[in-house]
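Asker: Please see the structure below; I have some questions.
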């Protein structure tokens with residue numbers, strides 16, 4: 001199938017825009033690769049330190065003829081998604097030995113859970129943890145003794161941070177090994193209903209806790225389609241997972257077999273063999289376009305609109321919001337997974353999952369097939385399905401039809417012809433809105449503004465019964481420079497209640513929403529942020545704001561903002577408590593959210 005002209009045009013535009021930066025990056029990677037296996041440049045003393053604790057693997061390491069695989073792990077057992085990684089290093093080492101190779105844990109990176117910090121002070125560290133992860137992974141790989149790398153990470157900022165590091169060390173082949181989603185708990189819509197009932201006082205904390213524990217109940221990724229599971233989709237669409245690896249449950253024979261297969265592949269694609277596949281060759285403009293196409297087709301997390309530009313820039317590829325906007329217009333929404341439907345990712349996987357979607361999108365000319373992946377050349381490989389045969393992974397042809405058209409539909413008969421993500425532009429700045437879960441009659445909201453400088457004030461006003469008419473809730477000073485750009489997901493139940501009461505409600509903010517952004521229209525990531533003197537800093541209560549997702553505009557009506565003085569929030573308390581002191585340098589040096597809110601790239 002010929003490539004869709006919009007996909008081709010956006011790819012060409014990115015390639016032209018990135019010509020110089022990508023050229024510099026590839027030249028650096030080429031020179032680094034030309035130096036050969038890294039261990040050869042270490043002194044005997046250097047190597048003795050690196051191998052001192054390796055026991056039976058010492059002889060193989062000293063010989064330098066077999067690949068040494070570096071493991072960068074985000075394991076901790078507070079994150080359900082990362083708890084299964086506790087046993088991965090030993091499985092990886094055992095597999096490597098059977099291949100005549102070696103493996104070492106190169107280092108650990110922090111992994112925080114936005115579900116734990118949601119609405120809490122710790123959320124102000126969340127976005128910056130991506131840059132910390134990239135830095136920590138860089139330190140892990142700086143010992144220069146690895147011929148390839150295995151990255152163990154799943155959740156919100158972890159995968160983007162690891163990608164930034166993997167691209168920086170792009171002359172080293174790398175493969176991402178997922179842990180998989182937890183098995184299904186209570187339905188997500190039931191959980192959401194209890195949350196709304198708690199917000200209105202209809203149920204108490206005991207009922208809320210019971211519902212939450214029944215939803216988040218075991219090892220693995222949360223089962224809704226938020227940022228963590230969107231990350232897993234991206235790794236498959238971008239060719240850094242093995243085909244079909246993303247949504248296999250933890251601690252199952254197939255999951256372990258896929259981990260073993262990943263180690264085998266990590267050993268096979270080093271410069272010591274005949275199939276050298278460095279990350280730098282995989283992460284090109286076509287891979288990033290494929291990732292954005294997957295984001296649109298699945299109705300994925302808005303957080304990736306922040307992460308993908310930062311990830312791409314580490315590989316010399318420059319993305320902007322127009323790319324997302326144009327690709328969203330070309331790519332159909334093929335999936336309905338909570339919060340954009342009732343199904344969870346286990347149901348989605350059972351209905352045909354990513355393999356079915358990739359096949360459909362390739363047939364529609366909406367994906368680049370001519371890419372390099374860790375599995376080999378061509379994205380067509382990712383239409384295959386892994387099965388367990390004699391204890392090993394065996395690939396078979398994946399389903400060509402959806403097994404549940406309420407969850408997954410073909411590209412020719414999608415849930416929506418639009419990918420569900422729209423760039424917003426107007427006199428309030430530039431932002432984005434995710435519309436895939438928002439009813440069509442709510443895509444345009446024009447109402448008076450209520451202006452708040454933090455999310456807790458919104459909740460207090462709600463409890464006082466102050467929202468009695470159509471309202472655009474403006475929550476400003478939530479950008480990366482102000483307070484690290486926390487997610488404002490805890491506002492969702494409150495605003496959903498107002499909407500269910502028949503009011504037209506919208507959120508406008510320079511902050512983030514969760515990857516589980518839902519049915520309330522939300523203009524997010526508005527840039528320049530209020531702390532930089534952006535337009536939101538001039539808005540006052542009673543100003544009429546029009547959010548139009550159909551035209552992609554966001555404006556204040558009938559007001560000349562240039563005649564006003566910018567509001568200045570009291571942010572004196574933002575710099576201390578729960579580790580915020582350590583992140584002042586990040587807040588002072590962070591880039592615009594429209595460019596990925598990055599510090600290290």
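The values are calculated or read from the model by the stated rules, or taken from the named source; none is laboratory data. Just so you know, these numbers come straight off a predicted model, no measurement behind them. Cβ coordinates were reconstructed from backbone atoms using ideal geometry, including for glycine residues, and neighbour counts include every protein chain displayed.
Asker: For the range 565-601, which positions are surrounded by fewer than 19 Cβ atoms within 10 Å (Cβ to Cβ), on the phi > 0 side of the Ramachandran plot and within 26 Å of the chain's Cα centre (by Cα)?
Answerer: Scanning the range 565-601 gives 578, 579.
Table: residues versus (1) under 18 Å from residue 586 (Cβ atoms); (2) buried (at least 23 other Cβ atoms within 10 Å of the Cβ); (3) touching a helix residue (DSSP H, G or I) at 6+ places or on another chain (Cβ under 7 Å); (4) at pLDDT 95 or above.
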| site | (1), (2), (3), (4) |
| --- | --- |
| 484 | yes, yes, yes, no |
| 497 | no, no, yes, no |
| 505 | no, yes, yes, yes |
| 508 | no, yes, no, yes |
| 514 | no, yes, yes, no |
| 536 | no, yes, yes, yes |
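Asker: Please find, among 511, 431, the residue that is touching a strand residue (DSSP E or B) at 6+ places or on another chain (Cβ under 9 Å), touching a residue at least 60 places away in the same chain (Cβ under 8 Å) and within 23 Å of residue 525 (Cα to Cα). Walk me through how you get there before you give the answer.
Answerer: On the way: 511 fails: touching a residue at least 60 places away in the same chain (Cβ under 8 Å).
Just one listed residue meets the conditions, 431.
Asker: Continuing with this model, one more query. If a residue counts only when it is without any contact (Cβ under 8 Å) to a residue 24 or more places away in the chain, which strands (runs of 3 or more DSSP E) contained entirely in the range 335-427 have at least 1 such residues?
Answerer: On the way: elements: 384-389, 392-397, 421-426.
Qualifying strands (runs of 3 or more DSSP E): 384-389, 392-397.
Asker: Quick one: which of 131, 147 is out of contact with any strand residue (DSSP E or B) (no Cβ under 6 Å at 6 or more places or on another chain) and either under 27 Å from residue 242 (Cβ atoms) or touching a residue at least 12 places away in the same chain (Cβ under 8 Å) (or both)?
Answerer: Details: 147 fails: out of contact with any strand residue (DSSP E or B) (no Cβ under 6 Å at 6 or more places or on another chain).
None of the other options fit; the residue is 131.
Asker: Any idea which residue in the range 56-76 is nearest to residue 175 (Cα to Cα), counting only those that are modelled with pLDDT of 85 or more and surrounded by fewer than 18 Cβ atoms within 10 Å (Cβ to Cβ)?
Answerer: Filtering the range 56-76 for residues that are modelled with pLDDT of 85 or more and surrounded by fewer than 18 Cβ atoms within 10 Å (Cβ to Cβ), the one nearest to residue 175 (Cα to Cα) comes out as 76.
Asker: I need the full set of residues from the range 1-55 which are in a loop (DSSP other than H, G, I, E, B) and either at pLDDT below 85 or surrounded by 11 or more Cβ atoms within 10 Å (Cβ to Cβ) (or both), in order please.
Answerer: Start the filter on the range 1-55 by keeping residues that are in a loop (DSSP other than H, G, I, E, B), which leaves 1-4, 18, 35-37, 42-43, 52-54.
Across the range 1-55, the qualifying residues are 1, 3, 4, 18, 35, 36, 37, 42, 43, 52, 54.
Asker: Continuing with the same structure: Looking at (1) at pLDDT below 95; (2) surrounded by 24 or more Cβ atoms within 10 Å (Cβ to Cβ); (3) over 15 Å from residue 438 (Cβ atoms), which is the only condition residue 477 fails?
Answerer: (1)
Asker: When you scan the range 291-301, do you find a residue that is touching a residue at least 24 places away in the same chain (Cβ under 8 Å) and surrounded by fewer than 24 Cβ atoms within 10 Å (Cβ to Cβ), even just one?
Answerer: Scanning the range 291-301, I find no residue that is touching a residue at least 24 places away in the same chain (Cβ under 8 Å) and surrounded by fewer than 24 Cβ atoms within 10 Å (Cβ to Cβ), so the answer is no.
Yes or no, residue by residue, for (1) touching a helix residue (DSSP H, G or I) at 6+ places or on another chain (Cβ under 6 Å); (2) more than 22 Å from residue 236 (Cβ to Cβ):
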| residue | (1), (2) |
| --- | --- |
| 384 | no, no |
| 395 | no, no |
| 408 | no, no |
| 429 | yes, yes |
| 432 | yes, yes |
| 440 | no, yes |
| 452 | yes, yes |
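Asker: Which helices (runs of 4 or more DSSP H) sit wholly inside the range 127-246 and have at least 2 residues that are modelled with pLDDT under 95 and touching a helix residue (DSSP H, G or I) at 6+ places or on another chain (Cβ under 6 Å)? Give the derivation first.
Answerer: Working: elements: 158-168, 188-199, 205-215, 227-237.
Counting at least 2 such residues, we get 188-199, 205-215.
Asker: Same structure again: I'm trying to understand the selection: among the residues of the range 536-564, which are touching a residue at least 12 places away in the same chain (Cβ under 8 Å), more than 29 Å from the chain's Cα centre (by Cα) and assigned to a loop (DSSP other than H, G, I, E, B)?
Answerer: 539, 540, 541, 542, 543, 558, 559, 564
Asker: It is to be established whether one or more residues within the range 389-412 are buried (at least 19 other Cβ atoms within 10 Å of the Cβ) and within 27 Å of residue 431 (Cα to Cα).
Answerer: No: the range 389-412 contains no residue that is buried (at least 19 other Cβ atoms within 10 Å of the Cβ) and within 27 Å of residue 431 (Cα to Cα).
Asker: Determine, yes or no, whether residue 441 is over 25 Å from residue 345 (Cβ atoms) and free of Cβ contacts under 8 Å to residues at least 24 places away in the same chain.
Answerer: Details: over 25 Å from residue 345 (Cβ atoms): yes; free of Cβ contacts under 8 Å to residues at least 24 places away in the same chain: yes.
Yes: the conditions hold for residue 441.
Asker: Go over the candidates 471, 422 one by one and state the one that is in contact with a strand residue (DSSP E or B) (Cβ under 6 Å, 6 or more places away or on another chain) and modelled with pLDDT under 95. Walk me through it before giving the result.
Answerer: Details: 471 fails: modelled with pLDDT under 95.
None of the others qualify; the one that does is 422.
Asker: Sticking with this structure for a sec: Find the residue count for the range 82-100, including only residues that are in contact (Cβ under 8 Å) with a residue 60 or more places away in the chain, over 16 Å from residue 257 (Cβ atoms), in a helix (DSSP H, G or I) and touching a strand residue (DSSP E or B) at 6+ places or on another chain (Cβ under 9 Å). Spell out the reasoning first.
Answerer: Our first condition is that a residue be in contact (Cβ under 8 Å) with a residue 60 or more places away in the chain; within the range 82-100, this holds for 82-85, 88, 91-92, 95-96, 99.
Now narrow it down to the ones that are over 16 Å from residue 257 (Cβ atoms): 82-83, 85.
Filter again for in a helix (DSSP H, G or I), leaving 83, 85.
Pick out the ones that are also touching a strand residue (DSSP E or B) at 6+ places or on another chain (Cβ under 9 Å) and you get 85.
Adding up the residues that qualify gives 1.
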